[in-house]
1. If you scan segment 62-75, which residues turn out to be under 16 Å from the mean Cα position of the chain (by Cα) and either among the charged types (D, E, K, R) or not in a loop (DSSP other than H, G, I, E, B) (or both)?
2. Is it the case that Arg89 is modelled with pLDDT under 95 and of a type outside the set (A, V, I, L, M, F, W, C)?
3. Does any residue of segment 79-90 turn out to be at negative phi, assigned to a strand (DSSP E or B) and aliphatic (A, V, I, L, M)?
4. List pairs: first in segment 117-143 and closer than 18 Å to Val59 by Cα and outside any loop (DSSP other than H, G, I, E, B), second modelled with pLDDT under 95 and among the basic types (Lys, Arg), Cβ under 7 Å, 6+ apart or cross-chain?
5. Filter segment 1-54 down to the residues that are among the hydrophobic types (A, V, I, L, M, F, W, C), closer than 25 Å to Ala69 by Cβ and surrounded by fewer than 16 Cβ atoms within 10 Å (Cβ to Cβ), then identify the one that is modelled with the highest pLDDT.
6. Residue under question is Asn129, and the condition is that it be modelled with pLDDT of 90 or more, on the phi < 0 side of the Ramachandran plot, surrounded by 18 or more Cβ atoms within 10 Å (Cβ to Cβ) and not hydrophobic (A, V, I, L, M, F, W, C); does it hold?
Amino acid sequence: MSDSVGTVVAVCLGPGGIPKTPVAEAVVKHDGLLGDAHRSPRHGGLNRAVCIFSVEDQVELLGDGVPCAEPGSFGENVLVEGLDFGAIRPGDLLSLGDQVRLEIHDVRAPCGTLKSLDKRFPDLLQGRNGFVCRVACEGRLSPGMDVRVIEEPEG
């Protein structure tokens with residue numbers, strides 16, 4: 001189990017594409033956040049229900065001259081600060097607040113939609129892509145909640 005604890009900085013929804021818009025709270029269901037949509041059939045689905053991204057990677061991208069600094073700019077549903085994304089692997093389980101549990105499915109594969117932000121995308125995101133997740137436990141999610149990697153109970 002990781003001792004690393006992060007914080008949900010923003011929860012973002014959108015009609016599809018980028019950017020997504022920060023909201024005060026969202027309901028997380030097994031197929032994603034209520035009110036969030038995707039334009040491409042390659043996005044979303046049970047294994048890609050929630051996209052998480054780190055503030056630390058966002059700051060690095062700003063240092064590389066990417067002009068977008070607002071939550072949701074990179075199409076993420078959840079922007080997290082303070083969690084060691086370098087130590088997270090597919091199969092890890094994240095606890096967000098008291099209800100929501102996300103299982104890391106895979107490293108997010110950045111798509112060509114991000115080229116509208118900077119012509120160097122998607123290549124510029126390599127190594128700082130964020131993750132796509134399955135929803136293991138549904139619930140409500142809002143900024144300020146703690147995020148941590150947890151161990152699954154042995155059974």
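1. Glu70
2. It is true that Arg89 is modelled with pLDDT under 95 and of a type outside the set (A, V, I, L, M, F, W, C).
3. Yes, segment 79-90 contains at least one residue that is at negative phi, assigned to a strand (DSSP E or B) and aliphatic (A, V, I, L, M).
4. Cβ pairs passing all conditions: Phe131/Arg108.
5. Selected residue: Ala24.
6. Judged against the criteria, Asn129 is not a match.
Condition check ((1) of a type in the set (Phe, Trp, Tyr); (2) touching a helix residue (DSSP H, G or I) at 6+ places or on another chain (Cβ under 9 Å); (3) closer than 24 Å to Arg148 by Cα) across all residues:
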| site | (1), (2), (3) |
| --- | --- |
| Ala26 | no, no, yes |
| Leu33 | no, no, yes |
| Ala37 | no, no, no |
| Phe53 | yes, yes, yes |
| Val66 | no, yes, no |
| Pro71 | no, yes, yes |
| Asn77 | no, no, yes |
| Pro90 | no, no, yes |
| Ser95 | no, no, yes |
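The values are calculated or read from the model by the stated rules, or taken from the named source; none is laboratory data. Note that this is a predicted model, so its numbers are computed, not measured. Glycine gets a Cβ as well: all are built from the backbone with ideal geometry, and neighbour counts include every protein chain shown.
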